[in-house]
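What follows is a short report on a single structure.
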Amino acid sequence: MPRGDKSKYTDKQKRQAEHIEEGYEDRGVPPRAAKARAWATVNKMTGGGKKGGSGVGKAVDKGPARKGGRRGGSASAARPAAQRSAAARKAAATRRRRAG
């Protein structure tokens, strides 16, 4: 199978990559880079192509897809530094509490 062949991916994975690619392009990423990033995100979430074979599949990790939306943007930049820092400290404390 040549590199870049997407035949082993499910239709759902292909739709996800297309949607993620559009999101990257909306944020100003060049089309070719957006496509590469989108497939990297799908691979990170699902562990690569899922078609074929029988047996138990692996769970989908939605963290990589959520990460981009939490990064902030113009709304985050408009907030004072002290407010952003306080929010970051609060989020870190929550993560530590959940992990421990």
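The values are calculated or read from the model by the stated rules, or taken from the named source; none is laboratory data. Because the structure is predicted, anything quoted here is derived from the model rather than measured. Cβ sites come from the backbone with ideal geometry, for glycine too, and all protein chains shown count toward neighbours.
For region 35-45, taking the residues that are of a type in the set (D, E, K, R) and closer than 19 Å to residue 61 by Cβ, the one that is surrounded by the most Cβ atoms within 10 Å (Cβ to Cβ) is identified as 37.
Restricting region 45-87 to residues that are among the polar types (S, T, N, Q) and either under 18 Å from residue 14 (Cα atoms) or part of a helix (DSSP H, G or I) (or both), the residue that is modelled with the lowest pLDDT is 74.
Looking only at residues of region 19-34 that are outside any helix (DSSP H, G or I) and under 15 Å from the mean Cα position of the chain (by Cα), we find that the one that is surrounded by the fewest Cβ atoms within 10 Å (Cβ to Cβ) is 27. Pairing residues of region 1-22 that are on the phi < 0 side of the Ramachandran plot and touching a residue at least 12 places away in the same chain (Cβ under 8 Å) with residues that are hydrophobic (A, V, I, L, M, F, W, C) and part of a helix (DSSP H, G or I), at Cβ distances under 6 Å and at least 6 apart in sequence or on separate chains, gives 13/42; 16/42; 17/38; 17/39; 17/42; 20/38; 21/34; 21/38.
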